[in-house]
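A short worksheet on the structure shown next.
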Amino acid sequence: MVSALACATLAAASGCFTNPINRAPVVTQISQAGGSTPKGRDATFTAIGSDPDQDQLTWTWIATHGDCPDYRDPATWPHDTMGGEPGTPTTFVVRDQAYTASAKYCVWAFATDRYGAVGAANLPVAPADNAPVVSLLMVVDPGAQEPPPGPLYPAYSRFQFTADATDIDGDQLTYSWSLSQQPIGSTATLVPCASDSSSDDDTRRCFTADLPGTYSVSLSVSDGTLPAQATSGPLMVLADAPPCIETTEPAFALDPTTNAKALTTQGYYADQKIKVDSVYDDGNPFPPPPGKDRPRFTWYTGTNDTGLHYLDNVNYQDLSLSRSDYLIGDYVNARLEVHDSNVGVIDAILAACGNADFCATPVIPAGRTSCWVRVSWRIHLTLTDPSSQAQPQP
């Protein structure tokens, strides 16, 4: 040990220190609040440090791009390590999305004592991936003028689902669709929608309900790291409804059942056809929308008091009346029956009606007050002068 007197004697030659050498602060820990923060979100960091000489510390924080170098080598430090103020808190918030939205960055903490000695530490940060956000948009019977509102949907309804998916990180998304619920025996499958220009469009899928019961569609969207889920919830599909003859020309009527029809002096009928305008049906309506079959029409005719005769191979939406078959004053008797794809069901309804001129179904489809699968006309052919404005009389 060098005494004070010896130090004074030797000072001129070699120098002598009577005070302790200042030691640099030590940063013992940097940690991120919550363990991690999703990309693009503010990230908060705290540091723990001490000074061996009990000096007050000034904290300086810096974020840099990329990996963290070895903080023990001062040559790797960022240029500004002295920008802090005395009493600067040991908490640092990174708000700049140039860092928070990147794949990785480095957070530096520098502790400086009153003599300018600096201690450093750094923490590599990899912002957590944000999960995609997804929801489902549904359209029932696309293109229909009056799509069914639900929550109960007619048989054979066509459902179109579109994924509304976003990812805050801008990651490429992949889509996985499934019919997560369907009735036992159903062969319905999710397929690319016919309106899509490319079958590679994974954001939209369609299916047609083929059986009554409950269906549900599920979608999983992944950004390669995290998935997001969406579901349609239960879709209740009704059993097949019978077809309902709605409008015809001339209009069929229950009371009276006699319609007037004009026959000109030249022997031509002013209205030469009985024409079907519309038939309601969940599977085979008329007029038929694209991709659907129309119902099958069966016609019967007779004159005056003769019985009705089946017209073979006349599955048309209108019935032409040939002037060669009738005379002035005749009564034309006509009957129309309509069938959908469930032929046996309609046959049973008609058989239960016997020979009645009008036949209604025992079960009326939702939203309707009647449902006629058989209607009839009794048309009285009267003579009319073509130059006269008088209306035909029954």
Check: Would it be correct to say that D305 is touching a residue at least 60 places away in the same chain (Cβ under 8 Å) and either assigned to a loop (DSSP other than H, G, I, E, B) or not assigned by TED's automatic domain parsing to the domain that holds A356 (or both)?
Finding: no
Note to self: Looking at the structure I just gave you, is F286 at pLDDT below 85, surrounded by 19 or more Cβ atoms within 10 Å (Cβ to Cβ) and outside the structural domain of A194 (by TED's automatic domain parsing)?
What the structure shows: no
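Out of the residues in the range 320-352 that are part of a helix (DSSP H, G or I) and under 44 Å from the mean Cα position of the chain (by Cα), which is nearest to W377 (Cα to Cα)?
Within the range 320-352, the match that is nearest to W377 (Cα to Cα) is L350.
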Item checked: Those residues of the range 293-302 which are surrounded by fewer than 16 Cβ atoms within 10 Å (Cβ to Cβ) and more than 20 Å from D347 (Cβ to Cβ), in sequence order -> G302
Margin query: One residue is enough: does the range 203-219 have a residue meeting the conditions modelled with pLDDT of 95 or more and under 30 Å from A98 (Cα atoms)?
Written below: no
Check: Taking the stated definitions as given, is A163 within 30 Å of A239 (Cα to Cα) and surrounded by 18 or more Cβ atoms within 10 Å (Cβ to Cβ)?
Finding: yes
Next item on the list: Kindly establish whether P147 is touching a residue at least 24 places away in the same chain (Cβ under 8 Å) and under 18 Å from the mean Cα position of the chain (by Cα).
Entry: no
Note to self: Quick check on T203: is it within 30 Å of D318 (Cβ to Cβ) and outside the structural domain of F358 (by TED's automatic domain parsing)?
What the structure shows: no
Notebook entry, point to check: What do you reckon, is T187 over 23 Å from V134 (Cα atoms), modelled with pLDDT of 95 or more and assigned by TED's automatic domain parsing to the domain that holds A163?
Noted result: yes
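The values are calculated or read from the model by the stated rules, or taken from the named source; none is laboratory data. Since the model is a prediction, treat every value here as computed from it, not as a measurement. Neighbour counts are summed over all protein chains in view; Cβ atoms, including those assigned to glycine, are modelled from backbone coordinates with ideal geometry.
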